[in-house]
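Below is one structure; the comments refer to it alone.
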Amino acid sequence: MIDDPSPITHEASATARQTPTEYTFDPTTPEEWGALCSLGHRMLDDILEYIRTLPSKPAWREMPDEVRAALRESVPINGEGAESAYRQFSELILPYPNGNLHPRFFGWVQGNGTILGMLSDMLAAGMNAHLGGFNHAPAVVERQVIDWFGELFGMRGAGGLLVTGGTMANTLGLAVARFSDSQARGRDVREFGLQTWPGEPTPAPMVFYGSSETHSWAHKATEWLGMGNRAFRRVPVNAAFEIDMEALAVMIAQDRTDGLRPFCVIGTAGTVNTGATDDLRALAKLARAEKLWFHVDGAFGALAYLSHSLRPRVSGLEMADSVAFDLHKWGSLPFECACVLIRDAELHRKAFATNASYLATASRGVSAGVRDSGDANSSGEASYFSNRGLDLTRGFKALKVWMTLKAEGIHRIASLVEQNVAQSTYLAGLIKQHDELELMAPVPLNIVCFRYCPRTNSAANGNHSEVIPRHNKACHSLDALNAELLQRLQERGIAVPSSTLINGQFAIRVANVNHRSKTADFDSLVESVVDIGREIVLENRS
Ligand SMILES: *Cc1c(COP(=O)(O)O)cnc(C)c1O
């Protein structure tokens, strides 16, 4: 593709003969230092101004075709300089994100990020600390934040790891569950995998359970861990979208009868569709009785545990063998950041540890292991974060977590979670009061699923208007109407909810993890939904 041999190489060798100049990415002269420094300050000023002025901007805008085209270029062989690259960033990239920083962004479950988190990421990148192992200050910080979360979630002493997201955090939890089971049956999954080797007995297929509302991470994880999609037993839910405990017990019994090997049950604290939380206490009890690993997916819901008033809604989380939660959703930290906690820290290590000679720890010096007195895992090996998951080279994610917890404190983080729940309850109230809006699922936490239902007679037409009866054959057109309504809401930059299906019907879905939203944003959301709904109904009539 690149037929031009790198001009840099040529130039470099030519220069090397004449002068002792050696290249570096750092500035080399006072002028270059000054220029990069002032560019850096400008970048900071610009991005802060961008964030400050967000509320007065549209929640989203379509990227024009010219911009899209301008971003598709041939490989830059010769650099054009940081100034030029930054100018293009400002013009072509910054104005066209998906909107998740905005006060009226409620789509999927995407956090806003924070300014302090951004600045911490900058410092972490500046340090460029390597968090594969060792016992330098950044490593102490990561262990500290994991310990803090262990304490906060009632799992003091748990092992853990900061990872890219909830998907990875959950997958690591399931991997340790799989390993734990293999130990229990004396067939090390790390040695044998899930294969049948000549002369070895055929292992019973492993199965695990989660409600049908479990997030799609579980599909990926079971496939990736070699168990296959069939191993994930989807348990029906009740009217509140919580796992049906009776059905679960029946499924486990049947699977055992059929010669399968149940090894884990997943509870969700805050399902992605409706924010439902399974009966985690009952699940913990059942898991104990059935000798199953109990994993909790608390991607966003786990953070409700930090609030005294909300804790009862996700209680039982503290009884889990492993918990996964995101910090880039309800924790508002910049992407990517999540955490997995494994109650048995030693088991966690055993599930992943390797002993590569080039990673050996020493008793002194840079590669010295953990020396904190009182640390339960005070072996050198345990100080390696690379022995707690898959990544070896890892960045200093822990800094933004540490800075945020130190600067804001758990109280404030919990208050923002409470604020989002209160706003969601408020929104649900507005929907219930409005006779053209239908709430489609209970609102136990911060997710509101609803739709626009036109009256059978136009409002202008008389007083005896009626809402279309639920679940009748008009539903198909209601799906289309609401899908169109959602598009207009987004395209006009008014607000960005996303959508889902609730009992097979299209729902506008508001997931509120937004620390920038105000109550008035929900008032205007409801007004706009009704206005656009009426507009579409009128168009369809004419
Ligand atoms: C978002 C989410 C996940 C996946 O987390 P990522 O950080 O997006 O990888 C898993 N479970 C639930 C309930 C979620 O909401």
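Computed with the Debye formula from one identical point scatterer per Cα of the range 98-138, without solvent, the log10 of I(q)/I(0) at q = 0.16, 0.25, 0.29 Å⁻¹ comes to -0.60, -0.84, -0.96. Could you calculate the FRET efficiency of Lys406 with Ala125 from 1/(1 + (r/R0)^6), where r is the beta carbon distance between them and R0 is 25 Å, rounded to 0.05? With a Förster radius of 25 Å, E is 0.85. The residue list Pro201, Leu152, Ser216 was ranked by how far each Cα lies along the charge dipole of the chain toward its positive end, using unit charges on Cβ atoms, and Pro201 comes out on top.
With each label modelled as a point 7 angstrom along the Cα→C-beta vector, the Lys57-Gln195 pair spans 5.2 nm.
The value for the range 203-250 of Rg(Cα) / (2.2 N^0.38 Å) is 1.19. Loop-resident trypsin sites (Lys or Arg not before Pro) (DSSP state other than H, G, I, E or B) in the range 268-303 with no more than 10 further Cβ atoms inside 10 Å of their Cβ: Lys291.
Where the alpha-carbon atoms of the range 48-142 are placed on the principal axes, they occupy 50, 41, 25 Å, in descending order. The chain has equivalent-ellipsoid semi-axes of 41, 37, 22 Å, by the square roots of 5 times the alpha carbon gyration tensor eigenvalues, sorted largest first.
Bridgeable aspartates and glutamates around Lys291 (alpha carbons under 16 Å apart, same-chain partners fewer than 8 residues away excluded): Asp181, Asp255, Asp321, Asp344. Simple spin-label estimate for Ala360 and Leu71 gives 4.9 nm between the two label positions (7 Å along the Cα-to-Cβ direction from each Cα). Rounded to the nearest Hz, the phi-derived 3J(HN,Hα) couplings of the range 324-334 under the Karplus curve 6.51 cos²θ - 1.76 cosθ + 1.60 (θ = phi - 60°) are 10, 8, 8, 10, 8, 9, 6, x, 6, 6, x, where x marks glycine and proline. Taking packing as the residue-averaged number of other Cβ atoms within 10 angstrom, the listed peptides 441-448, 411-418, 44-51, 428-435 run from highest to lowest as 441-448, 411-418, 428-435, 44-51. Extending each Cα 7 Å along its Cβ direction at Asn98 and Thr24, get the distance between those two points in nm, one decimal. For Asn98 paired with Thr24, the spin-label model returns 4.0 nm. List the lysines whose alpha-carbon lies under 24 Å from that of Lys406, not counting same-chain residues fewer than 8 positions away? Filter leaves Lys329, Lys397. Taking other Cβ atoms within 10 Å as a rough exposure proxy, Leu538, Leu347 sort from fewest to most as Leu538, Leu347.
Going from the residue with the fewest nearby Cβ atoms within 10 Å to the one with the most, Ser322, Ser307, Ser212 rank Ser212, Ser307, Ser322.
Size of the range 235-339 from its Cα atoms: along the principal axes, largest to smallest, the extents are 47, 27, 22 Å. Counting every other Cβ atom within 10 Å of each residue's Cβ, Ser517, Ser38 order from fewest to most as Ser38, Ser517.
The numbers here are math on the coordinates, done by the rules we state, and not lab data. Only a predicted model underlies this, so the values are computations on that prediction, with no experimental measurement involved. Methodologically, a virtual Cβ is constructed for each residue, glycine included, from the backbone with ideal geometry; neighbour enumeration extends over all protein chains shown.
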